[in-house]
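The values are calculated or read from the model by the stated rules, or taken from the named source; none is laboratory data. Owing to the predicted nature of the structure, the values given are computational and were not obtained by experimental measurement. Backbone-built Cβ (ideal geometry, glycine too); neighbour counts: all protein chains shown. Quick note on the areas: whole protein, heavy atoms, side chains included, nothing else; ligands and nucleic acids left out. Shrake-Rupley method; radii C 1.70, N 1.55, O 1.52, S 1.80 Å.
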Amino acid sequence: MTPVPAGGDGEHARQSRDDGRVRIFDTTLRDGEQAPGCTMTLEEKLSVAHQLARLRVDVIEAGFPAASEGDWTAVNQIAREVGGVYGPDICGLARANERDIERCWTAVEPAANARIHIFLATSDLHMKHKLGMTRAQVVAAAAKAVSHACSLGAQVEFSAEDSARTDPPFLYEILGAALDCGATTLNVPDTVGYSTPDEYGALVAGVRANVPGIERATLSAHCHDDLGLAVANSLAAARAGARQVECTINGIGERAGNAALEEFVMALHTRRSFFELYTNIETRELARSSRLVSACTGIDVPPNKAIVGANAFAHEAGIHQDGVLKNRLTYEIMSAETVGWDGVGLVLGKHSGRHALRAKTEALGYELTDDELTLLFARFKDLADRKKLLDEGDIHALMTRGPQRSGDGADVVRELY
Ligand code: KIV
Ligand code: ZN
């Protein structure tokens, strides 16, 4: 792999050469949240952001500040609470215009590492029918927007929307212009989930080979799952040199969703000798992250979902059970513990009472006073109304914003509310 010299932003400074680390850019709170039925309250977004920090994602795309007051507030609050010096970079999305960029900057600025993510469509189809702009106008708009965002002091990511259907020479030209204006991350989204792994890998390789100075930037993949290929395409991109992958917990996102973070991460983790790549993710937080996002969005995880589905580590067939009892490796390619999956059945539901919740929290190591239990119970009922059955992971998720199993229930519940 070609070494990548240190660049301008904080992350580049920390990463002096390419050692095969792929940075995880989580967009659960932006691309994920904008999907139908996935809307979250401010409190829920904050819980998810804290959990993403615990999962050790590299970048949290916290929202689209110019879209609404609520989005701005959520991004700003996340920048303040989660974007510390040792925390993840906090990013906001912006269209390529001054108002969006300035709105975004005021929201992310409190973070120690604040990023503005500017996007502009580059396929002929989008430029003609959506933007009504020529190629030259689009390049000029991108250059102006990136320069403006850099002048504010932000790290800047530029996305050429619909890259996978963009004429490659034009893609190289616009990415080169964004790079020259100061963008340090260049993203080539497969916005409509049209690409295949071979094609998408070739797209990334083409950008690396044809954009002068590309080694100064981090190349990023952002794949949608319309053909069920988002994770495969992201893996192909990483093999071709992308060192940032954009993904969401449980794969939520526009239409069929984005690449599922847990699947991408565990593919690199489990097949490390094949990929020779790694991430900084704390894999034991994957199951908890999945449950929290499911609880906050009300979108159930299918039982057969890879990594985080209820059946992902269940062995039903007699032959399989026999094999696993003799040696787990016969039918398990990774351990349930590695992804933080406790495998315990579903036990609590909306008809469960305070006693059941008290027993469960005690079994999990939390000590709550009566007042604290009352607060937690209200939260539990609210979740149980949206989800039929709650398991231990959901209870942990409800407690997630405080210290785990510290015995200090007051902190846990105060944090939670
Ligand atoms: O899918 C897409 O192209 C996007 C961009 C905003 C990066 O979400
Ligand atoms: Zn997207």
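The range 83-122 to the range 196-210: how many Å between their Cα centroids? After rounding, the separation between the Cα centres reads 27 Å.
The ellipsoid that matches the Cα gyration tensor of the range 112-185 has semi-axes, each √(5λ) in whole angstrom, of 22, 11, 11, with the longest given first.
The residues neighbouring I299, those whose beta-carbon lies less than 12 Å from its own, together hold a net charge of +2 under the Lys/Arg +1, Asp/Glu -1 convention.
For the chain, the longest principal axis of the Cα atoms and the long axis of helix 98-108 meet at an angle of about 40 degrees. Under 12 Å Cα to Cα from K144, which aspartates and glutamates show up? Leave out anything in the same chain fewer than 8 places away. Candidates past the 8-residue exclusion: E98, D180.
Note on the chain: with charges restricted to the Cβ of Lys and Arg (+1) and Asp and Glu (-1), its dipole about the Cα centre is near 180 debye. What the Kirkwood sum gives for the chain is a hydrodynamic radius of 22.1 Å, with every pair of different alpha carbons counted. Distance between the modelled labels on V324 and R17, one decimal in nanometres: 4.4 nm (7 Å Cα→Cβ projection). Label sites at F274 and T39, each approximated as a point 7 angstrom past Cα along Cα to Cβ, lie 4.1 nm apart. Gain on full extension, evaluated as 0.36 nm per residue between E98 and Q137 minus their Cα-Cα distance, stands at 12.5 nm. For E33, neighbours were defined as the other residues whose beta-carbon sits under 13 Å from its Cβ, and their charges (Lys and Arg +1, Asp and Glu -1) total -4. Relative to the dominant Cα principal axis of the chain, helix 69-82 is inclined by about 70°. Against the main long axis of the alpha-carbon atoms of the chain, helix 354-363 sits at an angle near 70°. One chain, two ends: V85 and L227. Fully extended at 0.36 nm per residue, the span grows by 47.3 nm beyond their Cα-Cα distance. Taking other residues whose beta carbon is less than 10 angstrom from the beta carbon of R56, and scoring Lys, Arg as +1 and Asp, Glu as -1, yields -2. Computed in the context of the full set of protein chains, the accessible area of the range 11-297 at 1.4 Å probe radius has 51% of its extent on carbon or sulfur. Put a dot 7 Å past the Cα of R379, heading toward its Cβ, do the same for A209, and the two dots end up 5.3 nm apart. Ligands, DNA and RNA are left out, and with a 1.4 angstrom probe the accessible area of the chain is 41 Å² per residue. In a fully extended conformation the segment linking H351 and S335 would gain 2.5 nm over its present Cα-Cα distance, using 0.36 nm per residue.
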